[in-house]
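A short worksheet on the structure shown next.
The values are calculated or read from the model by the stated rules, or taken from the named source; none is laboratory data. As the structure is a computational prediction, the values presented were derived from the model and not from experiment. In this analysis, Cβ positions are derived from the backbone assuming ideal geometry, glycine residues included, and neighbour counts consider all displayed protein chains. Note: accessible area is taken over every heavy atom of the protein model, side chains too, but ligands, DNA and RNA are not part of it. Shrake-Rupley method; radii C 1.70, N 1.55, O 1.52, S 1.80 Å.
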Amino acid sequence: MVQLGWATEVGEPKTDTGTRTVSLDDDTLSVLRQWKQTEHAEARAWGAAWTDSGLVFTREDGAGLHPASVTDLFQAVSARGGLPPIRLHDLRHTAASLALQAGVPMKVVSEQLGHSSLAITADTYTSVLPAVAQAAAEAVAGIVPRTRRASAGLGTDGQLSPAQGWPLRNPARARWQSVGSLGPRTTKGAHPEG
């Protein structure tokens, strides 16, 4: 739907990706099914005066909603909910950002948005990517088996613990000293880390 001045026009999407299937969660589908029942009741009440526009959200007579009305309603609902003011279009960005932070693969998010390439999605959502990378690192770390930090000589911050007798001044030397029973290396040019 395109708005030209105040008039609106419904036409075909500009690109092939403009027509696509969007997956919805069960709760959203439940709300949409309830809305469909409401719409059927309105259609019966209006009888022959009902306008079958084929749209999901309509006025009570079935006619399409004007984009300005939807924007006004969105802003009113947002204000009532105490949310910061954002444009209706920003919900698209919010959904994509939340999907990426939830671990949805970039390819899936890109397809949901109808982007022609992953690069467009990555460029648009670069501010979200550090959080996604951090979540990925935590997820990977979460599946690696570990002994308890205290018994490993690590403090709660992951640093070597002086209580365990590890000299913190030079962690590389500390690791070398931990295997000191093997004796110093005598190979010419050998490095303690080598």
Filtering the range 49-68 for residues that are at pLDDT below 95 and assigned to a helix (DSSP H, G or I) leaves a count of 2
Being open to solvent by 80 Å² or more (accessible area, probe 1.4 Å), in contact with a Gly (Cβ under 8 Å, 6 or more places away or on another chain) and either among the hydroxyl-bearing types (Ser, Thr, Tyr) or within 27 Å of residue 121 (Cα to Cα) (or both) is the filter here; which residues of the range 17-53 pass it?
20
Close pairs from the range 44-56: first over 23 Å from residue 29 (Cβ atoms), partner in a helix (DSSP H, G or I), Cβ under 8 Å, at least 6 apart:
50/42; 50/43
Checking residue 17 against (1) in contact with a strand residue (DSSP E or B) (Cβ under 9 Å, 6 or more places away or on another chain); (2) in contact (Cβ under 8 Å) with a residue 40 or more places away in the chain, which test does it fail?
(1)
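Taking the stated definitions as given, is residue 72 of a type in the set (Asp, Glu) and in a helix (DSSP H, G or I)? Give the steps one after another, and end with the answer.
Working: of a type in the set (Asp, Glu): yes; in a helix (DSSP H, G or I): yes.
Taking the combined requirement at face value, the residue satisfies it.
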Hey, can you tell me all the residues within the range 54-75 that are surrounded by 15 or more Cβ atoms within 10 Å (Cβ to Cβ) and more than 26 Å from the chain's Cα centre (by Cα)?
55, 58, 62, 64, 65, 66
Determine the pairs where a residue that is at pLDDT below 90, located within the range 69-93, has a partner that is among the hydroxyl-bearing types (Ser, Thr, Tyr) with Cβ atoms under 6 Å apart, the partner being 6 or more residues away or on another chain.
88/71
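Which residue out of 110, 97, 116 is under 23 Å from residue 13 (Cβ atoms) and touching a residue at least 12 places away in the same chain (Cβ under 8 Å)?
116
Could you check how many residues of the range 5-16 are open to solvent by 100 Å² or more (accessible area, probe 1.4 Å) and either closer than 30 Å to residue 116 by Cα or modelled with pLDDT of 90 or more (or both)? Steps first, answer last, please.
The first filter runs over the range 5-16 and keeps only residues open to solvent by 100 Å² or more (accessible area, probe 1.4 Å), leaving 6, 9-10, 12, 14, 16.
So of that shortlist, the ones also either closer than 30 Å to residue 116 by Cα or modelled with pLDDT of 90 or more (or both) come out as 9-10, 12, 14, 16.
Of the residues in that region, 5 qualify.
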Whether any residue in the range 99-121 is more than 26 Å from residue 25 (Cβ to Cβ), modelled with pLDDT under 90, open to solvent by 60 Å² or more (accessible area, probe 1.4 Å) and in a helix (DSSP H, G or I) is what I want to check.
no
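Would the range 77-87 turn up any residue that is open to solvent by less than 50 Å² (accessible area, probe 1.4 Å) and outside any loop (DSSP other than H, G, I, E, B)? Break it down into steps so the answer makes sense when it comes.
Pass one, the range 77-87, residues open to solvent by less than 50 Å² (accessible area, probe 1.4 Å): 78.
If we keep only those that are outside any loop (DSSP other than H, G, I, E, B) as well, we get 78.
Taking every residue of the range 77-87 in turn, at least one turns out to be open to solvent by less than 50 Å² (accessible area, probe 1.4 Å) and outside any loop (DSSP other than H, G, I, E, B).
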